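Okay, so here's the structure we're looking at.
Derivation of every value follows stated rules applied to the coordinates shown; laboratory data play no part. Note that the coordinates shown come from a computational prediction; the quantities given were computed from them, not determined experimentally. Don't worry about glycine lacking a Cβ; one is built from the backbone with ideal geometry, like all the others, and counts go over all protein chains shown.
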Amino acid sequence: MKSIISEINVLVRKEVALEWRERSNLNGLLLYTISTIFVCYLSFNQRRVELSPITWNTLFWIIQLFTALNGASKSFTQEAGGRHFYYYQLVSPQSIILSKIVYNALLMLLVAFLGLGVYSIVLGNPIQDPWMFAVCVGLGAIGFSSSLTMVAGIASKAQGNNTLMAILGLPAILPMILMLIKASKNAIDGLARSQTLDEIMVILAIDIIVITVSYLLFPYLWRS
Amino acid sequence: MKGAWWKITALVLMAYTLIGGLLLEVPRLDILNETIRNLYFHVPMWFGMILVLLASMIYSIKYLKSQDLKHDLWAAELANTGILFGILGIVTGMIWAKFTWGAYWSGDPKQNGAAGGLMFYFAYVILRGSFKDEEQKARISAIFNIFAFAIFIPLIFVLPRLTDSLHPGNGGNPGFNAYDLDSKLRLVFYPAIIGWTLLGVWFTSLNVRMRTVENQLLENE
């Protein structure tokens, strides 16, 4: 157990260092989010108050969803094929998948909060309970990355990667996004926080299921 | 004829479901009226689907353990049968909904969950189609199948229970247990579940045999 944690630590550092050296993935994702938000803003092209909270909320999560899909799809295709074999000899497959999940979650957290900032500047901000909404965004970023990392691993093994990523990934995050939209709608309306507890528990439960299944299945996946 | 007992059971139970389900007496209720007989057709579809998909997942685990392509074939064909049950379940449900709730689709959480779950298994079929190598296809799709089932269960069992649903037993609606006090419905309902599920397994085994023969022919060419 201790060795896995130290392996994950090293691998996450490696991912962050690789990313920081090039910053292509991060910058690409940021530009993707911001240009999507900008296109939405121009397409609605109306005074911000006229966007009802439900529309505002749903649009925000749809943008997050596609950003997460794009971000996660690069998890296993970034590095040259040969290097994977090298990692697989050094560390256990479990720590590879867990480190990818952690790294994707960090990346998504950064992009999601920056996206939220830009989104509320151009399209207004009807949130009444910002802290609760922030919790939802955080849970969403972590949940999306944990569901999608495994899917990205599966999709990277097949040809026609991009379409497959969306096809396999969308149903995988469907339960998550339904719960998130509900929880964040409660935060927008400023309901009592105890009202949202159920949704948060379900999101956490789905996270645990997905991470456990990924942990168990990834060793079979990387063998090919 | 040896080993055919379960096929005969399936036939007998299906005949009983069709004849008994349409002719036996059912409780007379407002709104539901005679559509209550759909209980013998709509609900067993879901039971059948869950059981068949569970079996499919078990075969996927077996494949990962044994690397035997026969298990993969069973997993794939069971998933196909599950999809068929799912589509039939949605269609029978939509017809029922039209006559009781007033619309084919009313955005009920169970309807949405079922549709989302089916999307997952369509993705499974498409994933299977995108591999050239048999071994690779079998392993990756087995992994996805297990993954899908793990997410499918909360989607179809947990989420609908958190929200109000038009279905019986949810959101303050009485469950079917409140209706069939004299257990008349159960008399057909339980045999119907077993009958439909057995029929699904039979259907799957025919598909598996057909696919095996096809593969054999391809190899001999």
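Odds and ends about this structure:
- Virtual spin-label span in nm between B:Lys70 and B:Thr212, 7 Å along Cα→Cβ: 0.6 nm
- Reachable lysines, given that their alpha-carbon falls under 17 Å from the alpha-carbon of A:Lys2 and they are not under 8 places away in the same chain: none
- Computed FRET value (nearest 0.05) for B:Ser205 with B:Thr100, which takes r as the C-beta separation and R₀ as 22 Å: 0.05
- Overall shape: oblate for the protein assembly as shown, with the ratio a/c of the largest to smallest alpha carbon gyration tensor axis at 1.5 or above and b/c at least equal to a/b.
- Summed residue charge, Cβ within 10 Å of A:Asp129's Cβ, Lys/Arg positive, Asp/Glu negative: 0
- Helix A:2-22 axis, angle to chain A major axis (alpha carbon atoms, nearest 10°): 70 degrees
- FRET efficiency for the pair B:Glu34 and B:Val125, taken as 1/(1 + (r/R0)^6) with r the Cβ-Cβ distance and R0 = 35 Å, rounds to 0.45.
- Zone residues, region B:194-208, relative to B:Leu24, backbone N less than 20 Å from point 7 Å out along Cα-to-Cβ: B:194-200
- Springs between Cα atoms under 10 Å define the GNM used for chain A, and in it the highest mean-square fluctuation of A:Ile121, A:Ile203, A:Ile188 occurs at A:Ile121.
- Förster radius 45 Å - calculated FRET efficiency between A:Phe38 and B:Leu162 (Cβ-Cβ, nearest 0.05): 0.80
- Among the listed pairs A:Lys74/B:Lys110; B:Lys7/B:Lys132; A:Lys74/B:Lys132; A:Lys100/A:Lys185, those with a Cα-Cα distance over 27 Å are A:Lys74/B:Lys110; B:Lys7/B:Lys132; A:Lys100/A:Lys185.
- Listed residues B:Asn112, B:Asn33, B:Asn80, most fluctuating in chain B (Gaussian network, C-alpha, under 10 Å): B:Asn33
- Approximate shape of region B:9-114 as ellipsoid semi-axes (Cα gyration tensor, √5λ), whole Å, largest first: 33, 18, 8
- Mean partner shielding of peptide A:162-174, defined as the number of other chain Cβ atoms within 10 Å of each residue Cβ, is 5.
- Near A:Tyr103, once Lys and Arg are set to +1 and Asp and Glu to -1 for all other residues with Cβ below 12 Å from its Cβ, the sum equals +2.
- Report summary: the helix-based calculation at 222 nm, which adds -39500 (n - 2.57) for every DSSP H run with n ≥ 4 and divides by the residues of chain A, gives -29000 deg cm²/dmol.
- Rounded to the nearest 500, the helix-only mean residue ellipticity at 222 nm of chain B stands at -25000 deg cm²/dmol, with each DSSP H run of n ≥ 4 adding -39,500 (n - 2.57).
- Its residue count N sets the reference 2.2 N^0.38 Å, and the alpha-carbon radius of gyration of region A:16-132 equals 1.30 times that reference.
- Residue by residue, region B:35-48 carries 3J(HN,Hα) couplings of 5, 4, 5, 5, 3, 7, 10, 6, 5, x, 4, 6, 4, x Hz when phi is fed to the Karplus relation 6.51 cos²θ - 1.76 cosθ + 1.60 (θ = phi - 60°); x denotes Gly or Pro.
- When the Gaussian network model of chain B links Cα atoms closer than 10 Å, the mean-square fluctuations of B:Pro168, B:Pro109, B:Pro191 top out at B:Pro168.
- Nearby lysines by direct alpha-carbon distance to B:Lys65 (threshold 16 angstrom, same-chain neighbours under 8 apart not counted): B:Lys137
- Using the Cβ of B:Glu135 as centre and a radius below 14 Å, the other residues enclosed give a net charge of +3, where K and R count +1 and D and E count -1.
- Cα gyration tensor shape for region A:127-196, rounded if a/c is under 1.5, else prolate or oblate: prolate
- Helix A:197-222 vs. chain A, principal-axis angle (Cα, 0 to 90°, nearest 10): 20 degrees
- From largest to smallest, the equivalent ellipsoid semi-axes obtained for chain A from the alpha-carbon gyration tensor read 32, 19, 15 Å.
- Taking all Cα pairs closer than 8 Å and separated by 6 or more residues, the relative contact order of chain B comes to 33 percent.
- The longest part of chain B holding none of the exposed loop trypsin sites (Lys or Arg not before Pro), meaning those outside H, G, I, E and B in DSSP with at most 12 other Cβ atoms within 10 Å, is B:29-131.
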